[in-house]
Amino acid sequence: MARKKTSRKNLIFRICIFAFVAYAAVLLIDLQVTLASRKQELAELQQQYEEKRIANKELELQLQQGMDEEYVERIAREKLDYVAPDEKVYIDISGS
């Protein structure tokens, strides 16, 4: 009878140990998946940061050039189709 109790306790102990090891394995796998996901997210955020940094540098250059009179004149001509007061503009309507 004493042997049966120790055998039963031993079986319960082994089941508890197995359950703990299984839980730890599942937890470890979940952590690995989460870590891989976070690494991917970090890489994407670093790429976005670098793109934004480059765009910011370009905007800073444009701001610096914005004070230049030639730059303003060039933008007015190219984007807004402005002309100087003494200039004559000819438009080709032939379509070719």
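Listing for the model above:
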item: Residues (surrounded by 10 or more Cβ atoms within 10 Å (Cβ to Cβ) and outside any helix (DSSP H, G or I)) located in segment 60-83; result: 68, 82, 83
item: Residue in segment 21-34 that is modelled with pLDDT of 85 or more and not in a helix (DSSP H, G or I) present; result: no
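The values are calculated or read from the model by the stated rules, or taken from the named source; none is laboratory data. It should be emphasised that the depicted structure is a prediction, and the values quoted were computed from it without experimental measurement. When we count neighbours, we look across all protein chains shown, and the Cβ atoms used for this are built from the backbone with ideal geometry, even at glycine.
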